[in-house]
């Protein structure tokens with residue numbers, strides 16, 4: 001069954017007809033070519049597909065696209081503004097928090113939600129917030145340092 005949906009992605013209004021069984025991940029990658037959203041586990045366990053939906057980190061691989069109707073979506077491609085990296089992206093570079101890079105978009109998206117919340121996070125709270133992301137290169141310490149650095153700025 002097809003349904004027309006309207007939503008905003010990285011500040012741009014989108015309108016499309018989708019199959020009600022399509023995931024948001026499929027729409028973002030295959031139709032909108034936003035390849036920073038990675039397909040990892042496809043069951044909501046690895047965090048590689050994380051996007052912000054109305055400001056909340058969400059696994060797009062288990063989020064049906066029909067649910068995105070009327071929502072605001074931000075992918076990793078929408079984090080930098082006008083070609084200028086965010087303070088979190090700069091912290092990832094400064095702390096060497098990028099190894100193979102596959103998990104990086106999900107960590108950056110979730111970290112962005114934390115930074116933009118204005119809330120103070122302890123190191124343990126940062127670890128807890130990032131617990132839904134898997135890094136096979138074991139770069140966790142650098143990732144945590146990068147998020148903590150951006151939170152302090």
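The values are calculated or read from the model by the stated rules, or taken from the named source; none is laboratory data. This is a predicted model, so every value here is computed, not measured. All Cβ positions, glycine included, derive from the backbone under ideal geometry; neighbour counts span all protein chains shown.
The table below gives the values:
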| read-out | value |
| --- | --- |
| Candidates 34, 28 - the one that is within 23 Å of residue 83 (Cα to Cα), in a loop (DSSP other than H, G, I, E, B) and free of Cβ contacts under 8 Å to residues at least 60 places away in the same chain | 34 |
| Check on residue 132, at positive phi, out of contact with any strand residue (DSSP E or B) (no Cβ under 7 Å at 6 or more places or on another chain) and outside the structural domain of residue 46 (by TED's automatic domain parsing) | no |
| All positions within the stretch 70-84 that are surrounded by fewer than 14 Cβ atoms within 10 Å (Cβ to Cβ) and either closer than 14 Å to residue 29 by Cβ or in contact with a strand residue (DSSP E or B) (Cβ under 8 Å, 6 or more places away or on another chain) (or both) | 70 |
| Residues (surrounded by 17 or more Cβ atoms within 10 Å (Cβ to Cβ) and farther than 18 Å from residue 48 by Cα) located in the stretch 122-145 | 145 |
| Filter pass, residue 113 being part of a helix (DSSP H, G or I), in contact with a strand residue (DSSP E or B) (Cβ under 9 Å, 6 or more places away or on another chain) and not assigned by TED's automatic domain parsing to the domain that holds residue 56 | yes |
